[in-house]
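Report on one structure; see the data block that follows.
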Amino acid sequence: MLQTITGFDRIGEENAFAVLARATALMAQGKDIINLGIGQPDFRTPEHIVEAAIKALRDGHHGYTAANGILPLREAVAADLHKRYNVTVSPEEVMIMPGGKPTMFMSILMFGAPGVDIMYPDPGFPIYRSMIEFTGARPVPIPIREENGFAFSAEETLRLITPQTRLIIVNSPANPTGGVTPKAEVDKLVAGLEKWPNVAIMSDEIYDHMVYDGEQHVCLLSYPSIRDRLIILNGWSKTYAMTGWRLGYAIWPGKLYDMARKLAVNLHSCVNASAQYAGLAALTGPQDAANMMIAEFDKRRKIVTDGLNKLPGVSCIVPKGAFYAFPNVSKTGWKAKPLANALLDEAGVAIIGGPDFGILGEGYVRLSYANSTENILKALGRMDEFLKTKKPA
Ligand code: PLP
């Protein structure tokens, strides 16, 4: 018998990938599937970004780079954050990462251990809890409530902190709910955190470009009182339609930077060199394609919520960010996961059951509206027909 460490009994997964695999397999059998499951833009990476990667390879950038990323890209990240949020970040604080996920992996690994608490949003991105459990730390869910517009409540979050708390994960704009936490609430959270100087914060801001209705994203880097214990997770995947490039960045404070650099050296050495040059072109080149994509998501957001609110037993608040809708399906008579499974098998619509994002996800499903308007309308039609004719066993 192989004797692996026990943490692997506890590590979880992201069901969106399992649904993607099932949807792809059904399509290979000739079934007509509309995939509103996976969270990735349906647009192509803008051409000038692709060209920059090709040029980088032709120019001979095919070797290792520094483990923390090429300097021009780290400078470009710092300049971009300054331009958008008027915050001063040194390129020495920026680390180029192979996607957004590795930043949550590393930060949870740095703080998680038996006997400590790590707080995370529920419903929230499933990898937070998975990694917390892997480390043996106690996962402490921060409830994210529909009646609060799926924003986190500062008061409720602060009440959950204990002397055992080492790390708090926040995510706005949020997956799976599309919730955006208003500035007043973030101000309150930061003020409360000043009383807990030993608690680190990991702010997952991967959807920071995708805020609608005139809302402004609140970047946690704007709060000097927590800068020395703040980790920022961000990247190119969503904003520039680059999920498959595996390119992200982190801002690490103080000594955490060197710990992350060592983890990078041990784990991946460096990020794909040509992808880094592509990321540079994305940040420094024209933003038209990214802006067009976000404007299109905004349009679809209204179409998807209007349509969902017309389905029997379904209600959906208008999400303020990201590209997800998180309708309440508790009055359909279906539990969320059986509903998601039946919709895929019987109606050809892939969505994700809310419980895949946490205990408080029961009664909800997640739809990604990163799909064409035509497909969204077709999927809504199929869901309508399904809910009118099928009842749970
Ligand atoms: N954080 C959140 C909230 C996400 O939804 C995702 C992807 O779905 C990620 C991080 C991971 O991004 P990446 O694909 O760049 O690893």
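The values are calculated or read from the model by the stated rules, or taken from the named source; none is laboratory data. The structure displayed is predicted, hence computed values, not measured ones. Glycine also receives a Cβ, built like all others from the backbone with ideal geometry; neighbour counts cover every protein chain displayed. These area figures cover heavy atoms from the full protein model, side chains too; ligands, DNA and RNA do not enter into them. Shrake-Rupley method; radii C 1.70, N 1.55, O 1.52, S 1.80 Å.
Observations on the model:
- Axial C-alpha extent at least 30 Å, average Kyte-Doolittle at least -0.5 - helices from the chain (DSSP): 288-309
- log10 of Debye I(q)/I(0), alpha-carbon scatterers only, for the chain at 0.08, 0.12, 0.14 Å⁻¹: -0.41, -0.96, -1.29
- Amide H within-cut-off set for V365, under 5 Å, with H built and near neighbours excluded: V329, G354
- Derived scalar couplings between HN and Hα for region 172-178 equal 8, x, 10, 9, x, 8, x Hz in order, rounded to whole Hz, by the Karplus curve 6.51 cos²θ - 1.76 cosθ + 1.60 (θ = phi - 60°), x for Gly and Pro.
- Taking 25 °C and 0.890 mPa s as conditions, region 296-368 diffuses translationally at an estimated 200 µm²/s according to Stokes-Einstein applied to its Kirkwood radius (Cα pairs).
- A Förster radius of 30 Å, combined with the Cβ-Cβ distance separating D298 from S90, puts the computed FRET efficiency at roughly 0.35.
- Accessible area of region 47-284 belonging to carbon and sulfur atoms, whole % at 1.4 Å probe: 55
- In this label model, H82 and E374 are separated by 4.6 nm, measuring between points 7 Å along each Cα→Cβ vector.
- Cα centroid separation, region 158-182 to region 312-331 (Å): 20
- Convex hull volume per residue, computed on the Cα atoms of region 253-393, equals 180 Å³.
- Antiparallel content of DSSP bridges confined to the chain, in %, to 5: 45
- Accessible area per residue, Å², the chain with all protein chains present, probe 1.4 Å: 43
- With a Förster radius of 45 Å applied to the beta-carbon distance between K195 and K55, the computed FRET efficiency rounds to 0.30.
- What you get for the chain, charging only the Cβ of Lys and Arg (+1) and of Asp and Glu (-1), is a dipole of about 440 debye around the Cα centre.
- Helical content of the chain, expressed as a calculated mean residue ellipticity at 222 nm, amounts to -12000 deg cm²/dmol (DSSP H runs of 4 or more residues, -39,500 (n - 2.57) each, divided by residue number, nearest 500).
- S368 sits among other residues whose Cβ lies under 14 Å from its own Cβ, and their net charge, with Lys and Arg +1 and Asp and Glu -1, is 0.
- Placing pseudo-labels 7 Å out from each Cα toward the beta carbon at L71 and S330 gives an inter-label distance of 5.6 nm.
- Protein-only accessible surface order, largest first, of W236, W196 at 1.4 Å: W196, W236
- Computed label-point distance, nm, for sites M27 and L2 using a 7 Å Cα→Cβ extension: 3.2
- Contour minus Cα-Cα distance for E385 and A184 (0.36 nm per residue): 68.2 nm
- In terms of its C-alpha gyration tensor, region 1-145 comes out oblate, because a/c is 1.5 or above while a/b does not outweigh b/c.
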